[in-house]
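Written out below as structure tokens is the structure these notes cover.
The values are calculated or read from the model by the stated rules, or taken from the named source; none is laboratory data. Please read these numbers as outputs of a predicted model, since none were measured by experiment. Here the Cβ positions follow ideal geometry from the backbone for every residue, glycine too, while neighbour counts run over all protein chains shown.
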Amino acid sequence: MEGQPKLSMLPGIHFTIAIRAVITAMLGLFMAFSALGQRAAIIDSLKSVITRQSDTLLLASIMELDAYLATRETRNNLNYLEQGLSTARELGHLYYESEMLNLIGTSHYYLGDYDSALTLYHQGMEVLKLMDSEQYEAEVRIPLLHSTLLMNIGVMLKIRGNFQDALEYYQQSLNIRQRLGNKSGLAIAYVNIGNLHVSAKSDNKALEYFTKAEELYRELDEIYGQAAALNNMALIYRRRNELTTALNFFERALEKYRTIEHSMNISRCYTNIGLVYHDFEDYDRALDYFALSQVIKNELEDRSGIAANFLYMADTYTVLGQLERAVTYYNKAKDIYDDLKSVKHQLLCYEGLADVYAELGDYANAYLYKDMFVELNATLQTEEIAKQLAAQEARYASSEREKELAIKDLELAAKSSLIRQRQVQLWVLIAGFLLMVAIAIIFIQRFRIESRFHKQLEAQNEELRRTYDDLKATVVSKEEKEAMVKEIHHRVKNNLQIISSLINLQANVVDDLRAERMLREVQNRVLSMAMLHEQLYRAPDIARVSIENYLRTILDNLLLIFSDKELVRYEIRVEVSHFTVDTLIPLGLLVNEVVTNSLKYAFKGKESGLITVILEPVTERLCRLVISDDGVGFDQDSGREQQGSIGMELIETFVSQMDGEMKLSSENGTRLEVEFAPILRKETDLLKKTGMPTA
């Protein structure tokens, strides 16, 4: 928290401080955008696993997906969690059932449905009680889940204002984590207990628990946790008017947040430090820090934080006697809070404007904003009373509902037990009767059926023997077919290596450098095809050669050949499992040709470089290949000249063989993009061409 908004931007802030704030904000945004793509890829991967699995792997994937969607796509996340709960119950897996109830409860907490959250946490506890002691102690994650449920119930009770019961649940959770030696969980428990003491105005107790949390986070080297604990302690010291200590703790928290480049909390620390300087009556320095905070909040589009800073700045300008500026910043804050419909903050704006206009002698506006303040305050008090009554009714109704549910659960359990006993008895009688009937029928029919069945069985056996002999004489086994195909690929690979060796010998004796270079390029293309056939005959399944391994082999070979490019590196991402040989050969040749061109021309005058290869599906029938570098690129005139070159003709030929379309661009380096339809012909077609029988 940044405290109650009373204060906000000095026009002439120190230049170096402002520059540092801008750089910090830019770095934070850069990291956020770079992480966004990685996060999306992980989410898509987890969703893919969920759609294909129906066992504990699905449940584990849903739990991991919750970490990404819980606060961002809460309602969408609930659908996955409900699916996980259903699967856990079908599998009879008590741990995952309890875990799903816990996560669903937390989603309801994020949605503001605290009653449902509390009920779900209690249901999770009841599921854990179904485990015997041996099951409970078998895995550390089970008592950890127990402690988490206790902690979450405590949080819900704290929200309801039931601090005493909340503290009891926190203490139970803390005891479990101490027994397990779970330091990270202990730190979280200390923070929650500290916050509970803050709400109860027990500052010394709160400081004691925040200090314990900070020490544990320091031992675990968790920078964010250290910063949060230091910030919480600083807020308490400021509330106690121990300003020097508060400033020290805010500055320590700020350094931690800078280390992990957490832009939002960096801006909050700047604001809090500004508030401390305001308390010191060092108003110029306070305005400097509000301005630093404002730079980052503007970048993050944190409207609520921006409005709070405007209020702080307006209050500061009022103290400095710069009343016109105070009016400007009060109005800026008011405009945002009007849009956000934040009544409490609107009241602060109206009250501040009324006071400033009165000091300016503009009594018309002073009376106007005073009337607006009185009217809105009366409305707020009425709403607060209504909310308190509704909360009391909700607590009473929830308590009564929990009692009713408990009674109904007991009645239902008793009825279910009686029904199950009667069902078992009925099924035993039915089974006995059916068994007797079946035995009687068997004895009556057995003699007639045995004779007829024996004759039919002999005839069928004779037919099967003839069929087996025919198949054995004419059909090659699956293993033989695969061995034949692998032998074909092996021989093709050997022949290509012989051709490569002949080209290499010729290149070694050629005096013309241009001719030698052309022969080396031809050799690379032949080696590219040889690598594929080597992958095919080495693969356990010839229909599923790893495309990524094939492309990496090509790229590693090229970097080895161009040894003078040792500072050039590559990145590769392949999201397609396999292609047929008819697609893999031109694909490998195309990658070989384009990367060769990049290594030859793209990095002239550069000490290092990056080549990126991406292969991804576009639709069910289309794939996209993107090869790019961060080299010098080419201008449009030289690009048109290259249209007639051998390299470009080869690239166009390979793209045509892949039934693709290409786009070539030169912006921040060179980029080739090819969309193509992979050939779906199966390996059995090769068998047909060689005259081999297929089963």
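Per-residue answers, yes or no, for (1) out of contact with any Lys or Arg (no Cβ under 7 Å at 6 or more places or on another chain); (2) surrounded by fewer than 22 Cβ atoms within 10 Å (Cβ to Cβ); (3) not in a helix (DSSP H, G or I):
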position	(1), (2), (3)
Tyr136	yes, yes, no
Ile142	yes, yes, no
Gly154	yes, no, no
Lys158	yes, yes, no
Gly161	yes, yes, yes
Tyr169	yes, no, no
Ser173	yes, no, no
Arg177	yes, no, no
Filter the stretch 199-211 for residues that are closer than 22 Å to Glu255 by Cβ and either surrounded by fewer than 18 Cβ atoms within 10 Å (Cβ to Cβ) or modelled with pLDDT under 90 (or both) and give the result. Thr211
Tell me, which residue of the stretch 608-631 that is more than 16 Å from Ile651 (Cβ to Cβ) and among the hydroxyl-bearing types (Ser, Thr, Tyr) is surrounded by the fewest Cβ atoms within 10 Å (Cβ to Cβ)? Thr619
Does the stretch 586-607 include one or more residues that are farther than 19 Å from Glu652 by Cβ and either under 32 Å from the mean Cα position of the chain (by Cα) or of a type in the set (Phe, Trp, Tyr) (or both)? yes
Run down Ile385, Ile407, Ile442, Ile419 and say which single residue is modelled with pLDDT of 80 or more, of a type in the set (A, V, I, L, M) and not assigned by TED's automatic domain parsing to the domain that holds Tyr114. Ile442
When residues of the stretch 546-582 are limited to those that are over 19 Å from Ser598 (Cβ atoms) and among the hydrophobic types (A, V, I, L, M, F, W, C), the one farthest from the chain's Cα centre (by Cα): Val581
Of these, Tyr289, Tyr337, which one is of a type outside the set (Gly, Ala, Ser), under 22 Å from His262 (Cα atoms) and part of a helix (DSSP H, G or I)? Tyr289
Quick one: which of Glu126, Glu219, Glu214, Glu208 is assigned to a helix (DSSP H, G or I), of a type in the set (Asp, Glu) and over 28 Å from Thr259 (Cβ atoms)? Glu126
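Matching residues to (1) β-branched (Val, Ile, Thr); (2) at pLDDT below 90; (3) crowded, with 21+ Cβ neighbours inside 10 Å; (4) over 28 Å from Met156 (Cα atoms):
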| position | (1), (2), (3), (4) |
| --- | --- |
| Leu180 | no, yes, no, no |
| Arg218 | no, no, no, yes |
| Gln226 | no, no, yes, no |
| Ala229 | no, no, yes, no |
| Ala234 | no, no, yes, no |
| Asn248 | no, no, no, yes |
| Arg268 | no, no, yes, no |
Scanning the stretch 632-653 for residues that are at pLDDT 90 or above and not acidic (Asp, Glu), the one surrounded by the most Cβ atoms within 10 Å (Cβ to Cβ) turns out to be Ile651
Any idea which of Asp339, Asp362, Asp335 is of a type outside the set (S, T, N, Q), at pLDDT below 95 and under 14 Å from Asn309 (Cα atoms)? Asp335
Failed condition for Asn298, given (1) closer than 22 Å to Ile336 by Cα; (2) surrounded by 22 or more Cβ atoms within 10 Å (Cβ to Cβ), with all others met? (2)
Might you check whether a residue that is in contact with a Phe, Trp or Tyr (Cβ under 8 Å, 6 or more places away or on another chain) and more than 22 Å from Ser98 (Cβ to Cβ) occurs anywhere in the stretch 160-180? yes
